[in-house]
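Comments concern the structure below.
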Amino acid sequence: MLNCAGSNKTGKLSFVSEDEEITLGKSLVGEASKQFNVIRNQEITDFINNIAREIGVQSDWSALPYQVYIVNSPDLNHFSLPGGSIFIFRGLIEISETASEVALIIAHEMAHISARDGIDQLSEKYSYAFAAQSVMGENPEIPAQIIADLYYEGTILDYGEDKEYLADKRGLKYAWKANYDPTGLTDILERIGQAESVSPESVELLYTTHPSASDRLRRAKMEIDQIPQKASLRKDLDEFHNIKELLARLPQ
């Protein structure tokens, strides 16, 4: 484990160690679970987290125990927190037609976590005081404020377009290595774009932290053209449709 500064296969250096990030992540996910209505259905969460485990071992932070939470909201949104927590909104699963679409969203968020994008944002916001843990120690309300400010400019999810496109690129690699068809990303981006034209409010949260679906789609298609084909790629899983039916029966 690391004591002072941390780095990973992406080549980035952080003044917050991986152990510190995981500890902070536990505080943040606790606050997020209070502020978001998280679905507690074991069958649904187990299925989604099985996909996450398959992809996680192929990520650039493969030892991290990733955990996916499903937010009971119709918004087409997804985000991640430092330390391995991923939040996917119910609406995004409901518009997905294959398991690979959900897998690629998970892979995108794992790319952010592996690159330590969130912890970089926090280190920048709170400067060296945060890196030295003094801010967290002196003000235990900081985790609650971080979650409350998720969708404001300059806060934890405000990565910038370059990091979002890079997360798509790396996520494609992770999913491909886990034998999920990378075209799941273009499929879900097309569905988001279609939903946007019918119900713009469904993507309002997503677009506060991500580029437009059309821009991501264009770049994703170019990246996928460079990825080798292999016979083991999975487009869908039978159980995914059972999970969608189960999700449809849950109240919002």
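Couple of notes before you dig in:
- Each stretch of four or more DSSP H residues adds -39500 (n - 2.57); spread over every residue of the chain, this sum gives -18000 deg cm²/dmol at 222 nm.
- Counted by Cβ distance under 12 Å from residue 33, the other residues give a net charge of +2, where Lys and Arg count +1 and Asp and Glu count -1.
- Student exercise, region 26-95 dipole from Lys, Arg, Asp, Glu Cβ charges, in Debye to nearest 20: 200 debye
- Selected from 241, 199, 108, residue furthest toward positive end of dipole (region 15-248; charges at beta carbon): 241
- Inter-probe distance in nm under a simple model that places probes 7 Å from Cα toward Cβ, at residue 161 and residue 145: 3.2 nm
- Normalised by the number of residues in region 15-248, the mean separation of alpha-carbon contacts (under 8 Å, six or more apart) gives a relative contact order of 23 percent.
- Computed magnitude of the charge dipole of the chain (debye, nearest 20; Cβ of K, R +1, Cβ of D, E -1): 600 debye
- To the nearest ten degrees, helix 183-198 and the longest principal axis of the Cα atoms of the chain are 90 degrees apart.
- Furthest towards positive pole of dipole, 78, 180, 39, structure part region 15-248, Cβ charges: 180
- Listed pairs 26/125; 177/235; 173/230 exceeding 24 Å between Cα atoms: none
- The reciprocal of the average 1/r between distinct C-alpha atoms defines the Kirkwood hydrodynamic radius, which for the chain equals 18.3 Å.
- Annotation for region 139-195: GluC sites (Glu not before Pro) lying in DSSP loop with at most 15 further Cβ atoms inside 10 Å of their Cβ are 141, 153.
Laboratory data are not the source of any read-out in this text; all were calculated from the coordinates shown. Because the structure is a prediction, the values reported are computed rather than measured. In this analysis, Cβ positions are derived from the backbone assuming ideal geometry, glycine residues included, and neighbour counts consider all displayed protein chains.
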